[in-house]
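The values are calculated or read from the model by the stated rules, or taken from the named source; none is laboratory data. Note that this is a predicted model, so its numbers are computed, not measured. Cβ placement follows ideal geometry from the backbone for every residue including glycine, while neighbour counts extend to all protein chains displayed. Accessible surface areas use protein heavy atoms only, side chains included; no ligands, DNA or RNA. Shrake-Rupley method; radii C 1.70, N 1.55, O 1.52, S 1.80 Å.
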Amino acid sequence: MKAIVVTDQSAGTAGMTLVERPQPPAAINDVVVEVHASGFVPTELAWPSTWTDRRNRDRTPSIPGHELAGVVTTLGYGTTGLSVGQRVFGLADWHRDGTLAEYVAVEARNLAPLPGDVDFTVGASLPISGLTAWQGLFEHGRLQAGQSVLVHGAAGAVGTMVTQLAREFGAYVVGTGRAADRQKALDFGAQEFVDLDHDALEDVHGVDLVFDLIGGDVQQRSAGVVRAGGTLVSVVGPTETRPADGRAVDFVVESDRAQLGEVVQRVRDGRLRTNIGTVVTLDDAVAALNPTERRQGKTIINVRP
Ligand SMILES: NC(=O)c1ccc[n+]([C@@H]2O[C@H](COP(=O)([O-])OP(=O)(O)OC[C@H]3O[C@@H](n4cnc5c(N)ncnc54)[C@H](OP(=O)(O)O)[C@@H]3O)[C@@H](O)[C@H]2O)c1
């Protein structure tokens, strides 16, 4: 099969190459999926799991990409719940070869059925963004209707999902990002926007929940924006500050079949819009994943256009 591999962590996305690799076997409780579309998060190559297995042993050359939409071709020993020929979407394991390939082996429990009226490109754009937003708002953030949410990176792939889900749930949403992101963040439902290059984040006070998708200094300054007893949720590294009398949670997204179903149902009925930027073929993916201009929205690789 064709696959994109990485071998050298210091090379980043510039070190990606398109090669021939053997098709993966289906292990216990796995399915092998013929990948139709794949999603890629630009920071993946900084994640240790891209380079090592669960025992921290080198697993290069490794295939990146953790989001997929495709069709089940093979069931592993003991696999139940999915069938050969079924359309599916979901999250591939962090520590195994991923979805920038024509076939991927995934534990069946990490996938959900993809309804026939949702195309593969859209399906591949949902798992990480949709699940991260859902889990950050409702599980870790314990959002209540009527509360306020400040979303850092609101115009990005995850941020646009966070904004829409929070609004649907009855929250008031303040988005942040670069000056050029203002209109996009507002279009996806943010009611206010803080331009982090020109506005003072510290002018915002008393929000119930900060959802951090930027990290670093922006995260450090965020605990002070939260009301006493409120929550700071981050997916970009350990939270080093905590809101007064409140909680700080950093987490890594997990697959969840029921939540994938909630997300895709919202796309079908129009409550959620995906934030897809570039769509390319697998042959053109290495160039697209090394953009010369600023990326806008999620890059989707149509493996089987
Ligand atoms: N732990 C987890 O489970 C998990 C899950 C999903 C995502 N993530 C992480 O969450 C982050 C966001 O993911 P994503 O897919 O939404 O990425 P994305 O589509 O690139 O969105 C991030 C947005 O934040 C903006 N931004 C970044 N740094 C900024 C700064 N200093 N000031 C103003 N705006 C800034 C980006 O603008 P520019 O493009 O101009 O920088 C972009 O608009 C990534 O680091 C990703 O790895 C973690």
*Please state which of the following conditions Val204 fails to meet, knowing it meets all the rest: (1) closer than 18 Å to Ala133 by Cα; (2) over 18 Å from the mean Cα position of the chain (by Cα).*
(1)
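Does Ala124 satisfy the condition of being open to solvent by 10 Å² or more (accessible area, probe 1.4 Å) and in contact with a Gly (Cβ under 7 Å, 6 or more places away or on another chain)?
Values: open to solvent by 10 Å² or more (accessible area, probe 1.4 Å): no; in contact with a Gly (Cβ under 7 Å, 6 or more places away or on another chain): yes.
Against the criterion (open to solvent by 10 Å² or more (accessible area, probe 1.4 Å) and in contact with a Gly (Cβ under 7 Å, 6 or more places away or on another chain)), Ala124 does not qualify.
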*asked:* Need a quick list: strands (runs of 3 or more DSSP E) entirely within segment 99-202 having at least 2 residues that are of a type outside the set (Ser, Thr, Tyr) and more than 15 Å from the ligand (Cβ to nearest atom).
replied: 103-107, 111-113
*Of the residues Arg295, Arg227, which is in the same structural domain as Glu20 (by TED's automatic domain parsing), among the basic types (Lys, Arg) and on the phi < 0 side of the Ramachandran plot?*
Arg295
*asked:* Conditions first: (1) within 14 Å of the ligand (Cβ to nearest atom); (2) within 16 Å of Gln147 (Cα to Cα); (3) not basic (Lys, Arg). Val226 passes all but one, so which condition is the exception?
replied: (1)
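Could you say which residue among Glu44, Glu34 is within 16 Å of the ligand (Cβ to nearest atom) and not in a loop (DSSP other than H, G, I, E, B)? Explain how you work it out, then say what you get.
Details: Glu34 fails: within 16 Å of the ligand (Cβ to nearest atom).
Residue meeting the stated conditions: Glu44.
So which residues in segment 242-287 are among the polar types (S, T, N, Q) and surrounded by 13 or more Cβ atoms within 10 Å (Cβ to Cβ), if there are any at all? I'd like the intermediate steps shown before the answer.
Here is the first cut: in segment 242-287, the residues among the polar types (S, T, N, Q) are 255, 259, 265, 274-275, 278, 281.
Correct list: Ser255, Gln259, Gln265, Thr274, Asn275, Thr278.
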*Can you name the number of the only condition in (1) over 30 Å from Gly246 (Cβ atoms); (2) in contact (Cβ under 8 Å) with a residue 40 or more places away in the chain; (3) surrounded by 24 or more Cβ atoms within 10 Å (Cβ to Cβ) that Val149 fails?*
(1)
*Give me the pairs, please: first residue somewhere in segment 131-145 and not assigned by TED's automatic domain parsing to the domain that holds Leu209, second residue anywhere and open to solvent by 40 Å² or more (accessible area, probe 1.4 Å) and not in a helix (DSSP H, G or I), beta-carbon distance under 6 Å, and either six or more positions apart or on two chains.*
none
*In this structure, does Glu202 turn out to be outside the structural domain of Gly153 (by TED's automatic domain parsing) and surrounded by fewer than 12 Cβ atoms within 10 Å (Cβ to Cβ)?*
no
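Kindly check whether there is at least one residue in segment 14-25 that is in a helix (DSSP H, G or I), assigned by TED's automatic domain parsing to the domain that holds Thr281 and either within 16 Å of the ligand (Cβ to nearest atom) or in contact (Cβ under 8 Å) with a residue 40 or more places away in the chain (or both).
The first filter runs over segment 14-25 and keeps only residues in a helix (DSSP H, G or I), leaving 14-15.
Then drop every residue that is not assigned by TED's automatic domain parsing to the domain that holds Thr281, which leaves 14-15.
Okay, now just the ones that are also either within 16 Å of the ligand (Cβ to nearest atom) or in contact (Cβ under 8 Å) with a residue 40 or more places away in the chain (or both), so 14.
Yes, because at least one residue in segment 14-25 is in a helix (DSSP H, G or I), assigned by TED's automatic domain parsing to the domain that holds Thr281 and either within 16 Å of the ligand (Cβ to nearest atom) or in contact (Cβ under 8 Å) with a residue 40 or more places away in the chain (or both).
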